[in-house]
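*Asks:* Quick one: structure below, then a few questions.
None of the figures in this text is laboratory data; all of them are computed from the coordinates on show. Just so it is clear, the structure is predicted and the values come from calculations on it, not from any experiment. Don't worry about glycine lacking a Cβ; one is built from the backbone with ideal geometry, like all the others, and counts go over all protein chains shown.
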Amino acid sequence: MVGGLLPAGTTLPPAPYLLVVLLAAGGVVAALRRRRPRVTARRVLALAPWIVLGSAAHVLYVVDALPSSLAPFAGSPTVYLTVGTLAGAAWLAADAVRPDRVAVTLAVAGGLLLMPVVAVAVGTGLSPAGARWSAVALALTVPIAGAAWVGLTRVRPEAAITGSVGALAVFGHALDGVSTAVGTTQLGFGERTPLSRLLLEVGGLPSLPVVGEGWLFLLVKLAVATAVVWLFAAYVREEPGEGYLLLGFVAAMGLGPAAHNLLLFSVAA
């Protein structure tokens, strides 16, 4: 069954909400295709706060901290379309007003929207244990992702052409792997995605400090992320606009769930 391949909690909002999101997303996509703003590594990197914003908004949905009129926009997978539409609209506006400042404007706008969402989440109640383990996961990820990136660029120097976006992809997936392993090992959280859950439930593995048996999940995440960046090097060199944009999507698939983990652990553990 297809449903068995989707993360637990995947739902669609009521039809009127879904129609609004689809129409808005379609309008923004059409406008982006018509204007075709320039895509650079800095502009894609500036979308990172928006990725985290989507994760934070979904945490509010999970802990039931959103007004009933807004909650349907933050469910999974609707929240991706909701925040993606807002980010696309912000990109269009920035490109029209200050085309030389698009990256800075995008990053600042995303950060300003993110701060109150995180504040509301923390306001629902901070878990000392969850916050502590989230900080541990983040601290542990930095050297792991750094080592993976250095190793990748030494084995395949061409991968360095992916720059900050490639590094973000490696970091995002490393953080997702570490935070998921920490959450399941130290805080008793479960994994919602069936394929990931299979990796976390493999028995008979030696247990490592902090991440327990979740090191296998982390290893697979790192292997996949570095392989994708490796393969994207040629694409970015030949078609930098499309390459950076697609690699940014790969980064979002790691950073989004990772940010969701860290904030959820901090308020719900």
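*Asks:* On average, how much area does the Cα convex hull of the stretch 126-269 cover when viewed from any direction, in nm²?
*Replies:* For the Cα atoms of the stretch 126-269, the hull's average projected area reads 8.4 nm².
*Asks:* Can you give the Kirkwood hydrodynamic radius of the stretch 1-103 from its Cα pairs, in Å with one decimal?
*Replies:* Kirkwood hydrodynamic radius for the stretch 1-103: 14.9 Å.
*Asks:* With +1 on each Lys and Arg Cβ and -1 on each Asp and Glu Cβ, and nothing else charged, work out how big the dipole of the chain is about its Cα centre, in Debye to the nearest 20.
*Replies:* Here the size comes out at about 640 debye.
*Asks:* Counting Lys +1, Arg +1, Asp -1, Glu -1, what net charge surrounds V182 among other residues with beta carbon under 15 Å of its beta carbon?
*Replies:* Value of the local net charge: -1.
*Asks:* State the volume of the convex hull built on the alpha-carbon positions of the chain, expressed per residue in Å³ and rounded to an integer.
*Replies:* Spelled out: Cα convex hull of the chain, divided by residues, is 137 Å³.
*Asks:* Taking the mean number of other Cβ atoms within 10 Å as a proxy for protection, how do you rank 254-267, 59-72, 154-167, 217-230 from highest to lowest?
*Replies:* 254-267, 217-230, 154-167, 59-72
*Asks:* Can you check what the net charge comes to around D100, using other residues whose Cβ is under 13 Å from the Cβ of D100 (Lys, Arg +1; Asp, Glu -1)?
*Replies:* Net charge in that neighbourhood comes out at +4.
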